[in-house]
1. What's the number of the condition residue 320 fails, among (1) at pLDDT 90 or above; (2) within 26 Å of residue 90 (Cα to Cα); (3) out of contact with any strand residue (DSSP E or B) (no Cβ under 8 Å at 6 or more places or on another chain)?
2. Looking at residue 324 and the list (1) under 24 Å from residue 199 (Cα atoms); (2) in a helix (DSSP H, G or I); (3) touching a helix residue (DSSP H, G or I) at 6+ places or on another chain (Cβ under 8 Å), which single condition is not satisfied?
3. Filter the stretch 112-134 for residues that are at pLDDT below 50 and within 19 Å of the chain's Cα centre (by Cα); which is farthest from residue 176 (Cα to Cα)?
4. I need the full set of residues from the stretch 75-103 which are within 17 Å of residue 236 (Cβ to Cβ) and touching a strand residue (DSSP E or B) at 6+ places or on another chain (Cβ under 6 Å), in order please.
5. Please state which one of 353, 318, 338, 332 is in a helix (DSSP H, G or I) and touching a residue at least 24 places away in the same chain (Cβ under 8 Å).
6. Could you run through the stretch 56-74 and say how many residues are out of contact with any strand residue (DSSP E or B) (no Cβ under 8 Å at 6 or more places or on another chain), over 17 Å from residue 319 (Cα atoms) and in contact (Cβ under 8 Å) with a residue 40 or more places away in the chain?
7. Looking at (1) within 30 Å of residue 208 (Cα to Cα); (2) modelled with pLDDT of 90 or more, find the lone condition where residue 95 falls short.
8. Please name all residue pairs, on different chains or six or more residues apart, with Cβ atoms under 9 Å, provided the first residue is in the stretch 225-250 and is in contact (Cβ under 8 Å) with a residue 12 or more places away in the chain and at positive phi and the second residue is surrounded by 21 or more Cβ atoms within 10 Å (Cβ to Cβ) and part of a helix (DSSP H, G or I).
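The values are calculated or read from the model by the stated rules, or taken from the named source; none is laboratory data. Given the structure is predicted, the values throughout are model-derived calculations rather than measurements. Methodologically, a virtual Cβ is constructed for each residue, glycine included, from the backbone with ideal geometry; neighbour enumeration extends over all protein chains shown.
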């Protein structure tokens, strides 16, 4: 008779090595209890002011949430953080696809943290118009900066925003400043045509461009060049140095064709290499010179006031839009009027007018 051990098959499974817990125990201790019992705005504020990255991340997650119950908490949190914000240098960075935005930001950010600065990067990944999904791979592309204790990288989906920034980036800046980050970098999708949104939330707007990628002066056709406070020709290394120098000259000539800026600042064109770090310090010096110049003539402070009013109006527009389409009456009427418009029995303009009249004049509304 065979012993019990001899009956085991050749493919028997060994016990193996004990696996680590799926949830970080340090993070789990912060959020004990059921998920629905979220931390109060007061507790979040306390954690953010103490520069706790876990609390900062959860605060931004609440801000980005589309759930109404989360929005109420997020709004209260932003209001509580507001007195502790406004002390950073806000830099917007955009550029054509393939220009190396992430590589530039990593090299530039590492240079800044090396001088003692604390850098927060709000990186925006493009969302699919079909699935609304986003890869959110900026942390993967910025490995060294991600590991830097003086840096914080937060990738967010653009959500289809044409401005190249996430809808809630403005509020996220306030939380990052309250957490003690003195330099905020906003990386945009880089759509090239519609960068007004990022320009209206940063102090300095840096445009990254490539040399030798076609007609360098194509930028003149884009309003984006008129918004730039500085232009940097990237990948100025190796065999590309001469091309970058020639592109710099072309852009400098092109900038003279534009009218004077509201700030009174003359935009600079510089070359740089994220690989060799050549030119990065010069770009930082230019940015600091810009801040000194605009603070002296008062533009810096007036611009921030104008930006606050701009985002108040943008928030009104967004909430009116959301409230309109979420209204039950409008949802019912929209189906009927859509059929009329598709059938050619009513114009698109009249359809919109009827829906708006029903929304603003329905019973119970002023």
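1. (2)
2. (1)
3. Checking each candidate, the answer is 129.
4. Our first condition is that a residue be within 17 Å of residue 236 (Cβ to Cβ); within the stretch 75-103, this holds for 93, 95-96, 98-101, 103.
93, 95, 99, 101, listed by residue number.
5. Residue meeting the stated conditions: 318.
6. 1
7. (2)
8. Final answer for the pair search is 235/244.
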